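Read through the structure below, which is laid out as structure tokens, and then see the notes.
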Amino acid sequence: MAFLIIRLILVSSYHLLHPVAIPVHKNSRYRLHSTIYWSAPPGINTIVKTKPDFETFHTCKNSGISFAILVLSLLWYNCFVQNSILTKDNTFRFNRMDMVFNFSDVNSFYYTEDQIQKIKHTKIGIAGAGGLGSNCALALIRCGFDNFIIADFDVVSVSNLNRQQYVASDLDKPKVECLRRNLYAINPGITCEIYRERITVSNVHNIFGSCNCIIEAFDNAESKAMIVSEFLTEDKLIVSASGLGGYGNADRIITRKIRRNFYLIGDSISEVGAQCKPYAPCVMIAAAKEADVVLNWVLEK
């Protein structure tokens, strides 16, 4: 208890001397309550729903509020407000704002309600969580997609960090688990089913059979051909890639429509290998183009 009191006094002293300005988007549904004026630590500021306004900043100013009331407020914060960003029930809680986050608020800036429903009713399968798969997954979740199945047997290695969406602390950890964590960090409300296993003819339908769109993100030609041939005759969108190694002349990475439900990204020449290494720019361009094909296909249906 003594430790907690000392902590509260130190935090209070700091924030009494440091006013802060908190940006609020002019179209946001939430704003800082105008009656809270002291520079409080994360979580103290209250949130109220309000009609959209055009105030760009709400400045929390130092005021003459008594030190005792501030300490009691801090005690309430430490005892009752959760500090974790991602709670056990997968709801997102801002540290600065005691507000449950809903990614639909993001989508509402860019899509009509009909488009949002199309996106929400689309299940994305990602076959491979390497350079293509991890980058494409992050692009798709930022587009609003929230239902994923991801399969990959591999773990994160040092050589992956030049182009894949992982960090040093992910080394030797399963790619599917790390990628799911990264997706949850952007939108904790998603459904993300992962399979840490090698994809073969015997299990590919069990894993991706329920998906509307399948992203082929394999490293070898045999696996690429296998997944395309298995789903080409079904009513699913298949997006594959071929030829995205090297660097320079990024315009060579193009999108080609092969069939009604099959698109191919790349230059079909620069296959990754010993003489043609993969680099972040072209890999990420190809992954972004895969995501763009999915978004266009879903919205234009």
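Full extension of the chain between ILE186 and THR200 yields a length gain of 2.0 nm, computed as 0.36 nm times the residue separation minus the alpha carbon distance. Exposure proxy ranking for LYS175, LYS118, LYS277, LYS289, based on other Cβ atoms within 10 angstrom of each Cβ and starting from the fewest, stands as LYS277, LYS118, LYS289, LYS175.
Exceedance of the 21 Å cut-off in Cα-Cα distance is limited, within the set LYS123/LYS289; LYS123/LYS277; LYS123/LYS173, to LYS123/LYS277; LYS123/LYS173. Shape class for region 131-262: rounded, because the ratio a/c of the largest to smallest gyration tensor axis (alpha-carbon atoms, square roots of eigenvalues) is under 1.5.
Treat the count of other C-beta atoms within 10 Å as a stand-in for reagent exposure and order LYS120, LYS301 from fewest to most. Don't skip to the answer; put the middle values down first.
Values: LYS120 14, LYS301 9.
Going from sparsest to densest Cβ surroundings: LYS301, LYS120.
Projected label points at ALA221 and ALA288, each 7 Å from Cα along the beta carbon direction, are separated by 2.9 nanometres. Length gained on full extension, SER210 to LEU232, computed as 0.36 nm times the residue gap minus the Cα-Cα distance: 6.5 nm.
Stretched out straight at 0.36 nm per residue, the stretch from LEU161 to TYR247 would grow longer than its current Cα-Cα span by 29.3 nm. Arranged from fewest to most other beta-carbon atoms within 10 Å of their beta carbon, ILE253, ILE215 become ILE253, ILE215. For region 207-301, the Kirkwood hydrodynamic radius comes to 13.7 Å, computed from all pairs of different C-alpha atoms. Cβ under 15 Å from VAL155's Cβ, VAL155 left aside: what net charge do those residues give with Lys, Arg +1 and Asp, Glu -1? Surrounding charge for VAL155 is -1. In loop segments of region 217-301 as defined by DSSP, the chymotrypsin sites (Phe, Trp or Tyr not before Pro) with at most 14 further C-beta atoms inside 10 Å of their C-beta are TYR247. Kindly state, to the nearest 0.05, the FRET efficiency for THR112 paired with THR255, given R0 = 22 Å and r defined as their beta-carbon distance. So the FRET efficiency works out to roughly 0.35.
Within the straight-line cut-off of under 14 Å between alpha carbons, the aspartates and glutamates reachable from LYS224 are ASP152, GLU216, GLU271, sequence neighbours fewer than 8 places apart in one chain being disregarded. Relative to its residue count, region 181-258 spans a Cα convex hull of 150 Å³ per residue.
Laboratory data are not the source of any read-out in this text; all were calculated from the coordinates shown. Here the structure is a predicted model, which is why all the values come from computation and not from measurement. Please note: Cβ atoms are built from the backbone with ideal geometry, for glycine as well, and neighbour counts cover all protein chains shown.
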